[in-house]
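The values are calculated or read from the model by the stated rules, or taken from the named source; none is laboratory data. Here the structure is a predicted model, which is why all the values come from computation and not from measurement. We place every Cβ from the backbone using ideal geometry, glycine too, and count neighbours over all the protein chains shown. Only protein heavy atoms, including side chains, enter the accessible area calculation; ligands, DNA and RNA are left aside. Shrake-Rupley method; radii C 1.70, N 1.55, O 1.52, S 1.80 Å.
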Amino acid sequence: MPCIEIENLTHTYFPGTPLETTALRDISLLVDRGETLALAGATGSGKSTLVRHLNGLLAPTSGRVRVLDGDLADKNFRRRLWRRVGLVFQFPERQIFSGMVYEDIAFGPRNTGLAGPALRDRVSWAAEAAGLPEELLYADPAELSGGMRRRAAIAGVLAMRPEILILDEPGAGLEPAARENILRRIIELQAEQGTTVILITHHLADAALYADRLALLEKGRLTAVGPVAEILSRPDLLDTAGLEPPFTVELTRRLAAAGITLPETPLVPIEAAKLIASLLVPGVAS
Amino acid sequence: MTGFNDYLIQFEDVSFAYPGGGPVIQDFSAVVRRGEHIALIGPNGSGKSTLAGLAAGLLRPSTGRVMVGGMDTADQSVTGAIRRRVGLVLQNPDNQLVAARVEEDVAFGPENLNLPGAEVRRRVEYALEAVGLDRLRDRPPHLLSGGEKQRLAIAGLLALEPACLVLDEPTSMLDPHGRREVLRVLKNLAVKGTTVLQVTHHMEEAAAAGRVLVLAEGRLAADASPQTVFSRPELLGPLGLALPPAAEVAGCLAGQGVNVPAGIINLEDLVRFLCRALK
């Protein structure tokens, strides 16, 4: 069942002024409850504008957006949507404003009226869900490492128990293990809670690992949407969207150019190795 | 043979602590030779940015010495000279752009050196051309893409004709296209003899460098060719660092019983090996 229904969405900034810019053109997209959708596109392709509609920060210029069974055209609905749709901006640790991690995470739920033991439980739960060790709750965010600060910021959004969670490059600027950790935690959480996840990423290898479907935006238009494996095996689509294919897809393409055809397009290194080994070593199962 | 004069930057038993904090860099010794392209990798919080600041003379060591072109960065009388030798590029180019037009932004540095007009123009042309922004010279910087902005930040430093560029994760805020643009510029600069010291989280970028320094909790954990560093997963794994994808595929192939030569770290190496093996 879709929890996001976008029909012919167009968004124009500063309409009727010399600064008029159309950031989204005629987008139609359904997102199912509980699915993970990766959203990719070059800088300026409209990704941020699109997701800002989903938590009510922006309203469509034309077209219709329904989120969690409400219509964005309804101003009152739109205003309350932030409680149910969590948006984690890029470099969210820059939005940490409190001197204690606990207070930063508690801020959102406290504003919805949560207090006392219920609030404490909620903060502990969010920290755990984001993979933030309990003892760091009473630290000064400035003293945490980059990866832990990112987790603290994500915990602040998770503490609202959003039904839809939107993350803009949650792993940017983190060491590989920290990036993988954060993404894996989010996918585990999705499995536990049935949260719908929209993952904005340039890192298509991450989309291959964590998402069900992949949508590509190019200059404000939706150029492709479908199962990740299907979209990633179409290098032409990625090229026009200004995106870099995952390493294994590029490897497959280069081998094909040299006359070596793999039976299918691998999306992760271990798959690539198995496929290649099946050609090299007779008897190795592919 | 490399002699003393080939050393552009020398770290000699450097330790560093921010005021009131514990040590961030400890007993760090390494050299950067003229014309080298070096990648500096390490987990978040390992001291990479601090080391970049020390190399650029922006920070001074608590103990030990950092020498830039034979000058001690602790000697305040040579601060200006050191700034002209080593340019520092930061993560976010928006923090580094100052003027209303691309060309003026590049001219800002050399004009402040009080150079004659003809020399300023020559340097601006050289820098714009080196980063491929000559055709965008009249644009306001805020209308540039991320990759273009970062190239402009680099051009602003090149106009000072530094011997070395130190870059602190210059591509981490860019999209893949912008990242490629910046890497191409860095590669060209390195080929033409500008020394490049680049902090990065992208193992593919590190694999393209001439030498890799690995930093762990403020200490030097490895200083070797990318082939050597990336053939040591037992060193990188516990630090939360990955292998470049080509090395990962090569490792998985070995795990599948394929006899893989050591030192495969990029796509070209891997394709070459597979073509030989499969034909």
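For this structure, a couple of remarks:
- The ratio of the alpha-carbon radius of gyration of segment A:246-286 to the globular-protein estimate 2.2 N^0.38 Å is 1.07.
- Label-point separation in nm, A:K75 to A:T10, each point 7 Å along Cα→Cβ: 2.4
- When B and A come together, around 3100 square angstrom of accessible surface is lost from both chains combined, probe 1.4 Å.
- Residues in segment B:64-105 reached by a label modelled at B:D223 [backbone nitrogen below 14 Å; 7 Å Cα→Cβ]: B:65-67
- Averaged over the residues of A:141-149, the number of partner chain Cβ atoms lying within 10 Å of the residue Cβ comes to 2.
- Figure legend: label point modelled 7 angstrom from the Cα of B:A262 along Cα→Cβ; no residues of segment B:199-226 have amide N under 11 Å from it.
- Within the shell defined by Cβ-Cβ distances under 14 Å, the residues around A:T240 carry a net charge of -1, with Lys and Arg each +1 and Asp and Glu each -1.
- Estimated FRET transfer efficiency (A:A115, A:A142; beta-carbon r; R0 35 Å; 0.05): 0.85
- Environment charge of A:A59, counting only residues whose C-beta is closer than 12 Å and scoring Lys/Arg +1, Asp/Glu -1: +3
- Rg and Dmax of the protein assembly as shown, Cα atoms only, in Å: 25.0, 74
- The protein assembly as shown: calculated mean residue ellipticity at 222 nm from DSSP helix runs of at least 4, using -39500 (n - 2.57): -11500 deg cm²/dmol
- Restricting segment B:164-267 to trypsin sites (Lys or Arg not before Pro) that sit in a DSSP loop and have at most 15 other Cβ atoms within 10 Å of their own Cβ leaves B:K192.
- For the peptide B:244-254, the mean number of other protein chain Cβ atoms found within 10 angstrom of a residue's Cβ is 5.
- Residues with amide H under 5 Å from that of A:D32, placed H, sequence gap 5 or more: A:C3
- Modelled FRET efficiency - R0 51 Å, A:E134 with B:A118, Cβ distances, 0.05 increments: 0.20
- Share antiparallel - DSSP beta bridges, the protein assembly as shown, percent rounded to 5: 55
- A probe of 1.4 angstrom, applied to the heavy atoms of all protein chains, finds A:D104 with accessible area near 20 square angstrom.
- Label-point separation in nm, A:R221 to A:E20, each point 7 Å along Cα→Cβ: 2.0
- Rounded percent of accessible protein surface that carbon and sulfur make up, chain B, 1.4 Å probe: 50
- Computed from the Cβ-Cβ distance with R0 of 45 Å, the FRET efficiency linking A:D236 to B:V98 stands at 0.65.
- Scalar couplings 3J(HN,Hα) for segment B:225-242, obtained by applying the Karplus form with A = 6.51, B = -1.76, C = 1.60 to θ = phi - 60°, are 5, x, 4, 6, 4, 7, 9, 10, x, 5, 7, 6, x, x, 8, x, 9, 9 Hz; x denotes Gly and Pro.
- Nitroxide proxy distance, nm - points 7 Å out along Cα→Cβ at A:E192 and A:T261: 4.7
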